[in-house]
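Below: the structure, in structure tokens.
The values are calculated or read from the model by the stated rules, or taken from the named source; none is laboratory data. It should be emphasised that the depicted structure is a prediction, and the values quoted were computed from it without experimental measurement. No Cβ is skipped: glycine too gets one built from the backbone with ideal geometry, and neighbour counts run over all protein chains shown. All accessible areas refer to the heavy atoms of the entire protein, side chains included, with ligands and DNA or RNA removed. Shrake-Rupley method; radii C 1.70, N 1.55, O 1.52, S 1.80 Å.
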Amino acid sequence: MHVVVPFAATDPKTRLESVLSPTERAAFARAMLADVLCSIVEAGREPTVVATAAIDPAELDLPTHVLESVSVAVDDRPLTDAVNARLPSKTDSGDNDGDTDDAVAVVMADLALATTDALADLFAAGGEVAITPGRGGGTNALVVRHPGFRVDYHGASYLDHRKIAEEVGASLETIDSFRLATDIDEPDDLVEVLVHGDERTRALATLRDFGFELERRDGRVGVARRGADDSTRER
Ligand SMILES: Nc1nc2c(ncn2[C@@H]2O[C@H](COP(=O)(O)OP(=O)(O)OP(=O)(O)O)[C@@H](O)[C@H]2O)c(=O)[nH]1
Ligand SMILES: C[C@H](OP(=O)(O)O)C(=O)O
């Protein structure tokens, strides 16, 4: 199984621009990428980062065994095209029977809560297409074994992918995983990292370095950031 990790290397995480500067967004995106790569390698796979521009994995501060298992491919096409170019095709196997050796997993780089166990469950899932929906309707991770299936990201892509699987006659498994369903897109998502983030992750450490902390409110818990004047700015 090949594991692809798409990564927007330039100006990432724009939906966090109200709470993070461009430099901070770049650092946080790379911290999440590093965490996801570690979990994938610990799950026994060798991921390929498909990045919109060149990145140096050595700058991600990965453990040596992880660094040695990671490769980078630069592809400046839009996300959907870059992923589709790497999915199984009819020419990949002689018999076109959905051979698992041709399987391709696509794991987004912003899954800050992803663990080795959650990813191992995804990689072991059955179905010619296995999807982990993201909160809000996206597709956070999937495994494709069917040579006719193609992705169409953005919007309610989970629903679109269900439909595409049906159209090409691929069996579908939906994986119910809180840890893989939580992608970090918007300021409120930072709460999830502060509540559920593993203490060893770079994503959690990075947010803490930036001064983020949980703020208890009447309704849902939120995040606040210690400001330059050392008071606490509410978000
Ligand atoms: N290769 C590639 N990866 C992308 C592209 N756009 C987004 N990604 C990656 O795809 C995953 C989901 O990205 P999104 O949350 O939709 O986009 P984002 O750029 O991270 O954040 P926003 O700017 O806030 O939309 C993340 O791992 C991104 O790094 C792209 O055009 N090409
Ligand atoms: C790539 C896109 O991500 P989102 O915009 O939901 O974060 C999707 O899952 O279709």
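Some points to look at:
- J(HN,Hα) series, segment 4-20, from Karplus relation 6.51 cos²θ - 1.76 cosθ + 1.60, nearest Hz, glycine and proline x: 10, 10, x, 8, 7, 7, 10, 6, x, 6, 5, 6, 9, 5, 6, 10, 10
- Amide H contacts of residue 105: 2, 3, 4, 144, each under 5 Å away and 5 or more positions distant or on a separate chain (H built 1.01 Å from N in the peptide plane; Pro and chain starts excluded).
- Gain in span if fully extended, residue 199 to residue 77, counting 0.36 nm per residue against the direct Cα distance: 40.4 nm
- Tilt relative to the chain, helix 157-168 - C-alpha long axis, 0 to 90 degrees, to 10: 0
- Inter-part distance where segment 1-30 and segment 155-234 are each reduced to a Cα centre, Å: 13
- Rounded to the nearest 10 degrees, the inclination of helix 22-42 to the longest alpha-carbon principal axis of the chain is 50 degrees.
- Pairs of Cα atoms nearer than 8 Å and 6+ residues apart set the relative contact order; for the chain it is 19 percent.
- Debye log10 I(q)/I(0) for segment 1-124, one point scatterer per Cα, at q = 0.16, 0.19 Å⁻¹: -0.79, -1.07
- Share of alpha-carbon pairs per 10 Å distance bin for the chain, given as whole %: 8, 32, 35, 18, 5, 1, 0
- Averaged over its residues, segment 2-181 has an accessible area of 44 Å² per residue, based on protein heavy atoms and a 1.4 Å probe.
- Structure-based [θ]222 nm, the chain - -39500 (n - 2.57) summed over DSSP H runs of at least 4, per residue, nearest 500: -8500 deg cm²/dmol
- Backbone amide hydrogens, once placed in the peptide plane, bring residue 9 within less than 5 Å of 52, 53, excluding anything fewer than 5 places away on its chain.
- Carbon + sulfur, % of accessible area of segment 187-234 - ligands and nucleic acids excluded, 1.4 Å: 40
- Calculated FRET value between residue 54 and residue 89, using beta carbons and R₀ = 22 Å, to 0.05: 0.25
- From most to least packed by mean Cβ count within 10 Å, the peptides 61-70, 112-121 give 112-121, 61-70.
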